[in-house]
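Take a look at the structure set out below.
The values are calculated or read from the model by the stated rules, or taken from the named source; none is laboratory data. Only a predicted model underlies this, so the values are computations on that prediction, with no experimental measurement involved. Neighbour counts run over all protein chains shown; Cβ positions are idealised from the backbone, glycine included.
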Number of protein chains: 2
Amino acid sequence: MDAAVPIATPATVEEFRARLALITDELPKRLRQCADFIAARTDRIAVSTVADLAAGADVPPSAVIRFCQIMGFSGYSEMQKLFRDAYALGWPDYAIRLKNLRENGTGSPGALLAEFVEAGRLSLEALTKSLDENALNAAVGVLAQAELIHVVGLRRAFPVATYLAYVFEKMQVPAMLHDGVGKLDHRFALRPGDALLAITFSPYSEETLTLAQDARDRGLPVVALTDRLTSPLARQADALLTVPEVDFGAFRSLSATTALALTLAVAVGSARE
Amino acid sequence: MDAAVPIATPATVEEFRARLALITDELPKRLRQCADFIAARTDRIAVSTVADLAAGADVPPSAVIRFCQIMGFSGYSEMQKLFRDAYALGWPDYAIRLKNLRENGTGSPGALLAEFVEAGRLSLEALTKSLDENALNAAVGVLAQAELIHVVGLRRAFPVATYLAYVFEKMQVPAMLHDGVGKLDHRFALRPGDALLAITFSPYSEETLTLAQDARDRGLPVVALTDRLTSPLARQADALLTVPEVDFGAFRSLSATTALALTLAVAVGSARE
DNA sequence: CTGGAAACAGAATAAAAATTCCAAAACCAT
DNA sequence: ATGGTTTTGGAATTTTTATTCTGTTTCCAG
């Protein structure tokens, strides 16, 4: 027993978090599982029993109690009290919370976040409604058969392209990201049997359109991920996926685009095995 | 005993509210007190004991139980469960859902998309609930004062980093993206007066952590965008932003992360002029 | 008033949850 | 390996919490 550790009981959620971060590293296995689970799901403490938490962290209940004590509480009940008292702030459900955020001043970070979150949600909703399933299936079909998938997307679309490249790699799908580093266009990497996945939004970037045209000329199938049916990519595309992303001001959150890209990548990955 | 009132147990908070409104008027005194108190403080149910509620409504505990039964529940525990579940909303067991999807022949792309959209929506909602506004303001403050903002995020976090770099550029905020091209770490580009914005998720990438440590050693402020409070970045961070992203299988939609990143970038951009 | 039905308070009981404790297992330095 | 230390699992115990039950009170129709 470490008689020499007279830890102050955390009095606020912040203190709790600080202490949790501090000790996590040097915890033995079971206690560490507790720490990790609780770090990820802190909010549940207020409404869970010891047994619930123990099950979630996959440890016996007594380990949870020991964890509470290491955190500086006398036991679970005392720790839970901290979160139950703080709970009132967390409750306001999504709509109310969003309103609160908005109301603390136009231009404040909180208000901004509320707008972007809302834009993201609307985009996601619109996506499920507007999606053309045939186009999606066609896109998956085309990409699943490609020997190598070339991914291109620049400027605003670049994050999407890099994410696709990441997921393809995870799924062991041969893919090549055309990132324009060094202004090299790697257009000669487009080989028969390959396919191109091109992403671009208004204002459409020249390089992407050029590469798509190039692929087309060489007879490679092109899948386009873009913002409208009238996109200049439409002409070259064998499968055209449009994403109705909602803008807030000059910015767009990319939520819907990311969701669709992820779907595409995972579906293609699964289809290939 | 009203043998003739086979009330359906409310299954959602809305149903609960509807029923509460319906019966409140024709309730005897004590039960009415319960109804009134609960209508005003519905949120407390999830974290209160019968005794707490009874004290709040100024009735004996048994009256609260009777009230629960009139509301259509077998007792207090059943009623409380409704609210506890509603609070901890989200995070269904994605491991299981993904497995189902796989086993049912990979699921159609459409079904996959629905899952990713749902995950994105939950993440966004959770973000509004869990956001620490102080941390966000602190982060904006730190970055607004930096001469040059260094952005680093690799692998899964890379899309977020590139997106931040894009938005910073749009807003004419001096920023440098550390992308690891050529395995150059550019650590000597960290100059006094600059700040680092580091993004990493479990499993945390070594290079990002190293750069954060480097920045710290040189006395630069570090803003961390990560997935949990126990992240290894927590130690070096002057402002720690955590994003509760719902994973679906091995993948995360990044919706919440993108929304928060965008907020950060735009808020910093505005604050600088 | 008064008789009968509904509502009630609080003590008694049952159920569930938290906590303790200790023997067994794992770990670690020698 | 070996002895000492730390960590662990789970049964036993204590504490808290929910629920039931019963005698009493309140309410109201006649």
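Table for the structure above
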read-out	value
Condition check for A:Val243: farther than 18 Å from B:Phe158 by Cα, within 12 Å of another protein chain (Cβ to nearest Cβ) and among the hydrophobic types (A, V, I, L, M, F, W, C)	yes
Residues satisfying the stated conditions in region B:58-84, i.e. aliphatic (A, V, I, L, M) and either within 14 Å of another protein chain (Cβ to nearest Cβ) or within 11 Å of DNA strand C (Cβ to nearest atom) (or both)	B:Val59, B:Ala63, B:Val64, B:Ile65, B:Ile70, B:Met79, B:Leu82
Selection from region A:164-190 of residues that are surrounded by fewer than 20 Cβ atoms within 10 Å (Cβ to Cβ) and in a strand (DSSP E or B)	A:Met176
Residue in region B:71-84 that is of a type in the set (A, V, I, L, M), part of a loop (DSSP other than H, G, I, E, B) and modelled with pLDDT under 90 present	no
Residue pairs meeting the criteria (Cβ under 8 Å; at least 6 apart or on separate chains; first within 14 Å of chain A (Cβ to nearest Cβ) and closer than 20 Å to B:Gln80 by Cα, in region B:16-40; second assigned to a loop (DSSP other than H, G, I, E, B) and within 16 Å of DNA strand C (Cβ to nearest atom))	B:Phe16/B:Met71
Which numbered condition A:Val50 misses (of (1) within 13 Å of DNA strand C (Cβ to nearest atom); (2) at the interface with chain B (Cβ under 10 Å from one of its Cβ atoms); (3) of a type in the set (A, V, I, L, M, F, W, C))	(2)
Selected residue [within 9 Å of another protein chain (Cβ to nearest Cβ), outside any strand (DSSP E or B) and in contact (Cβ under 8 Å) with a residue 12 or more places away in the chain] from B:Ala161, B:Ala212	B:Ala161
Region A:3-34 - residue that is of a type in the set (Asp, Glu) and more than 16 Å from DNA strand C (Cβ to nearest atom) and, of those, modelled with the highest pLDDT	A:Glu15
Enumeration of residues in region A:27-63 that are farther than 16 Å from A:Phe73 by Cβ and outside any helix (DSSP H, G or I)	A:Pro28, A:Arg41, A:Asp58, A:Val59, A:Pro60
Extreme residue, nearest to the chain's Cα centre (by Cα), among residues of region B:12-26 that are of a type in the set (D, E, K, R) and not in a loop (DSSP other than H, G, I, E, B)	B:Glu14
Unmet criterion (only one of (1) facing chain B (nearest Cβ under 7 Å); (2) surrounded by fewer than 21 Cβ atoms within 10 Å (Cβ to Cβ); (3) farther than 23 Å from A:Gly141 by Cβ) for A:Ser253	(2)
Selection from region A:226-273 of residues that are in a loop (DSSP other than H, G, I, E, B) and closer than 20 Å to A:Leu148 by Cα	A:Ala237, A:Asp238, A:Arg272, A:Glu273
Tally of residues being within 14 Å of chain A (Cβ to nearest Cβ), more than 30 Å from the chain's Cα centre (by Cα) and of a type in the set (Gly, Ala, Ser) across region B:181-209	1
Pick from region B:143-158, criterion part of a helix (DSSP H, G or I) and touching a Leu at 6+ places or on another chain (Cβ under 9 Å), ranking: surrounded by the most Cβ atoms within 10 Å (Cβ to Cβ)	B:Leu143
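Conditions (1) touching a Ser or Thr at 6+ places or on another chain (Cβ under 8 Å); (2) β-branched (Val, Ile, Thr), marked per residue:
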{"site": "B:Thr162", "(1), (2)": "yes, yes"}
{"site": "B:Tyr166", "(1), (2)": "no, no"}
{"site": "B:Met176", "(1), (2)": "no, no"}
{"site": "B:Asp179", "(1), (2)": "yes, no"}
